[in-house]
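Student: Just dropping this structure here.
Readers should treat all values here as calculations from the given coordinates under stated rules, not as data from a laboratory. Note that the coordinates shown come from a computational prediction; the quantities given were computed from them, not determined experimentally. For neighbour counting, all protein chains shown are included, and Cβ atoms are generated from backbone atoms with ideal geometry for every residue, glycine included.
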Amino acid sequence: MDVSPRGVVAFSRTTGGRRLIKYSAVSLVSVAVSEIALLTALHFFTATWSNIIAVAVGTIPSYELNRSWVWGKSGKSHLWKEVVPFWSMSFLGLVLSTLAVKLVSVYVIGHEPAALGEKLVIMLTNLSAFGVLWIAKFVIINKLLFHHRPEPVEDELSPV
């Protein structure tokens with residue numbers, strides 16, 4: 001890919017480029033929702049449980065916006081072809097981010113309630129863990145999950 005300004009602008013005008021921009025926007029929304037949920041949950045729960053809650057809360061708008069706005073899917077979601085794979089990827093992110101948050105929370109706060117600076121470190125850890133999976137998730141969603149597969153058209157001239 002041409003990473004010059006002209007090449008980036010040209011790419012942004014393609015279907016894949018527009019999709020990547022929309023995917024990025026959805027990611028920003030999902031991150032905002034997750035981080036607000038994480039910060040709120042940290043007032044009531046441990047870092048580990050707060051991370052689990054935040055991932056679950058953030059996955060809902062992520063799925064809906066990716067499916068409808070980014071990939072233009074409408075109608076009922078297919079459980080095994082769309083919902084389960086998407087939530088499985090989110091669960092993988094949950095596992096990785098929970099392990100990272102748990103390690104950081106033990107190192108940073110130990111057994112004390114988290115102060116604001118420590119909460120910010122936990123939030124950054126959560127964000128970093130999901131950032132690692134961001135590109136892989138786009139490729140999987142784009143190529144496998146919400147990929148448009150046109151129905152085969154029967155040739156009108158073929159014998160019946």
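Student: Scan the stretch 32-72 for residues that are surrounded by 17 or more Cβ atoms within 10 Å (Cβ to Cβ) and over 19 Å from Met123 (Cα atoms) and report the count.
Tutor: Final tally of qualifying residues: 6.
Student: Could you please give the count of residues in the stretch 3-31 that are of a type in the set (A, V, I, L, M, F, W, C) and surrounded by fewer than 16 Cβ atoms within 10 Å (Cβ to Cβ)? Before you say what the answer is, go through the steps one by one.
Tutor: Taking the stretch 3-31 as the starting set, the residues that turn out to be of a type in the set (A, V, I, L, M, F, W, C) are 3, 8-11, 20-21, 25-26, 28-29, 31.
Filter again for surrounded by fewer than 16 Cβ atoms within 10 Å (Cβ to Cβ), leaving 3, 8-10, 21, 25, 28-29.
Qualifying residue count, the stretch 3-31: 8.
Student: Checking the structure you have, find out if any residue of the stretch 65-72 is out of contact with any strand residue (DSSP E or B) (no Cβ under 7 Å at 6 or more places or on another chain) and more than 18 Å from Asn142 (Cβ to Cβ). Break it down into steps so the answer makes sense when it comes.
Tutor: Of all residues in the stretch 65-72, those out of contact with any strand residue (DSSP E or B) (no Cβ under 7 Å at 6 or more places or on another chain) come to 65-72.
Add one more test, that the residue is more than 18 Å from Asn142 (Cβ to Cβ), and what stays is none.
Scanning the stretch 65-72 turns up no residue that is out of contact with any strand residue (DSSP E or B) (no Cβ under 7 Å at 6 or more places or on another chain) and more than 18 Å from Asn142 (Cβ to Cβ).
Student: In the stretch 27-37, is there at least one residue being in contact (Cβ under 8 Å) with a residue 24 or more places away in the chain, among the small types (Gly, Ala, Ser) and in contact with a Phe, Trp or Tyr (Cβ under 7 Å, 6 or more places away or on another chain)? Let's see the steps before the verdict.
Tutor: Of the residues in the stretch 27-37, the ones in contact (Cβ under 8 Å) with a residue 24 or more places away in the chain are 27, 29-31, 33-35.
From the residues that got through so far, the ones that are among the small types (Gly, Ala, Ser) too are 27, 30, 34.
Next cut, in contact with a Phe, Trp or Tyr (Cβ under 7 Å, 6 or more places away or on another chain) only: 27.
For the stretch 27-37, residues in contact (Cβ under 8 Å) with a residue 24 or more places away in the chain, among the small types (Gly, Ala, Ser) and in contact with a Phe, Trp or Tyr (Cβ under 7 Å, 6 or more places away or on another chain): present.
Student: Which of the residues that make up the stretch 73-105 are among the hydrophobic types (A, V, I, L, M, F, W, C), more than 16 Å from Ser34 (Cα to Cα) and surrounded by fewer than 18 Cβ atoms within 10 Å (Cβ to Cβ)?
Tutor: Across the stretch 73-105, the qualifying residues are Leu79, Trp80, Val83, Val84, Leu99, Leu103.
Student: Can you name every residue in the stretch 13-46 that is within 18 Å of Trp134 (Cβ to Cβ) and of a type in the set (Ser, Thr, Tyr)?
Tutor: Correct list: Tyr23, Ser24, Ser27, Ser30, Ser34.
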